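To keep things clear, I will list the structure first and then write my remarks on it.
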Amino acid sequence: MFCERCGNKLPDAARFCPMCGYDMNDNQISNINNKYRNDRYNNEILLEVKSTFKFNKVFWPRLIFVLLFTSPAMAMGIIIIMLCIKDGWNLVGVRFLAISIAIPLLMIIYVIVRTYMTKKEYENCVYIFYNDRLVCKDEYWNHFEKELKYKFITEVAKSSTRKFPNIGMIHLYCSTADIYYHGMFIPDIENLDEIYLKIKKIINV
């Protein structure tokens, strides 16, 4: 190795430079301090974002979709009831009626359970913005952690609806085609415009 002060060639185990008296341990301490400062800088949390659960935004659209999807079964159930009232009840009619009722009922139960799971996912998922990267932590369902370096992000976009103008989605687009399906989504963000500007400032895109 060589002395960093005067450039004199030294044995690998040398502690001092015989030419200028430079202490080689000072260089090691300096490297440790620099690494500590870099780690501390990179691990500084600049922003934490969590999705906002809105019951009206999640539950009712799903329920309406299910009711439309199962409307043929419900219509069949109404027809069967009318026929059974007119001609009398029989085993076949009861079976068809049970099926026509069971399908919508099971779908409604699914919507209720899925809405509850979405609420828990939102409560236990956080997006943490550091100086050099974004980390997504999910502590509810999969217990996973995803990391996205800012250097891969090429664009930050936002989207919302007229019904919920202050709640929307932020999409981070990536330059690498195979990373997180072209980017990372942050759904249902409250105070969308404010959070969007903060994210753009942090990522500097």
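None of the figures in this text is laboratory data; all of them are computed from the coordinates on show. Model, not experiment: these values are computed from the prediction. Cβ: placed from backbone, ideal geometry, glycine included. Neighbour counts: every protein chain shown.
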| message | With the cut-off at 1.5 for a/c, could you classify segment 111-160 from its C-alpha gyration tensor as rounded, prolate or oblate? | response | oblate
| request: Would you be so kind as to identify which of L83, L68, T118 lies farthest towards the positive end of the dipole of segment 56-121, taking Lys and Arg as +1 and Asp and Glu as -1 on Cβ and the Cα centre as origin? | output: T118
| remark: Partner lysines whose C-alpha sits under 22 Å from that of K149, ignoring same-chain residues fewer than 8 away, are K35, K50, K137, K158, K198, K200, K201
| query | Taking θ as phi - 60°, what are the ³J(HN,Hα) couplings along segment 54-64 by the Karplus curve (6.51, -1.76, 1.60), each to the nearest whole Hz, with x for Gly and Pro? | reply | 10, 4, 5, 7, 9, 6, 5, x, 5, 5, 4
| request: Could you name the lysines whose alpha carbon sits less than 17 Å from that of K57, not counting residues in the same chain fewer than 8 places away? | output: K119, K120, K163
| remark: So the compactness index of segment 63-116, its C-alpha Rg divided by 2.2 N^0.38 Å, takes the value 1.29
